[in-house]
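Here's the structure, in structure tokens; my notes come after.
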Amino acid sequence: MSRNEVVLRCPVLEDGAAVFDLVDTCKPLDLNSHYMYLLQCSHFSSTCVVASQYGQVVAWASGYILPQHPDTFFVWQVAVGEAVRGQGLAKRLINWVLAQQRGIQKIHTSITPDNAASWALFKSLARDWGGDLSSWDWFEQQSHFGGRHCTEVLVEIVLPTQGVQQ
Ligand SMILES: CC(C)(COP(=O)(O)OP(=O)(O)OC[C@H]1O[C@@H](n2cnc3c(N)ncnc32)[C@H](O)[C@@H]1OP(=O)(O)O)[C@@H](O)C(=O)NCCC(=O)NCCS
């Protein structure tokens, strides 16, 4: 392994604080509590991924399988540190974490209308996979966030029946 290689793995509890610090630098992501990242690094570790380089956490993606829909994987946050952006790492994280799952037919995520990078990422993944992307308003600015957050659009990618073309 070369020294600058970016290595992907499931997170452990000891990653929680570094994940918090990374997300804190990745605007416009909402920063959640330390406690929440510790839950993701433990109970949800198998559906999350950290990327490390020189022993430091440089990127993170979190997700879970919908409790009522075991064929649907929800991608929660994707955070790639500025120094390692533009190298396909976000796509690599999502493909890696999906490769650890079985029986996934749909990918869900939510994106605010103005997050161009996130839209580009998921459109690019849908293209790579040969999946159909659709979207609709989900958590609404007024009725759900009480005006304190802009509307989150639910993005669904239906994967082709023969599996993803990674
Ligand atoms: C969004 C983010 C995760 C992208 O990480 P990355 O590793 O640089 O992304 P990739 O290199 O894998 O690029 C994936 C695709 O998105 C596109 N893309 C990435 N950043 C972009 C940007 N700022 N503007 C427009 N397109 C962008 C790339 O061109 C690529 O598309 P292509 O495959 O058609 O060429 C990263 O910029 C980030 O962490 N941003 C802050 C947090 C955030 O907004 N997260 C939401 C993501 S769900």
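The values are calculated or read from the model by the stated rules, or taken from the named source; none is laboratory data. Predicted, not measured: the structure shown is a model, and the values here were computed from it. All Cβ positions, even for glycine, are placed from backbone atoms using ideal geometry, and neighbour counts span all protein chains on display. Side chains are part of the model used for accessible areas, which takes the heavy atoms of the whole protein and leaves out ligands, DNA and RNA. Shrake-Rupley method; radii C 1.70, N 1.55, O 1.52, S 1.80 Å.
Residue count for the range 1-20 satisfying the condition of being closer than 19 Å to residue 84 by Cβ and exposed (fewer than 15 other Cβ atoms within 10 Å of the Cβ): 7. Of the set (1) more than 16 Å from the ligand (Cβ to nearest atom); (2) in a helix (DSSP H, G or I); (3) closer than 26 Å to residue 124 by Cβ; (4) touching a Leu at 6+ places or on another chain (Cβ under 6 Å), all apply to residue 46 but (4).
The set of residues from the range 10-35 being within 14 Å of the ligand (Cβ to nearest atom), touching a strand residue (DSSP E or B) at 6+ places or on another chain (Cβ under 7 Å) and within 12 Å of residue 56 (Cα to Cα) comprises 19, 22. Within the range 82-132, the set of residues being part of a strand (DSSP E or B), away from the ligand (no atom under 13 Å from the Cβ) and open to solvent by less than 90 Å² (accessible area, probe 1.4 Å) comprises just one member, 106.
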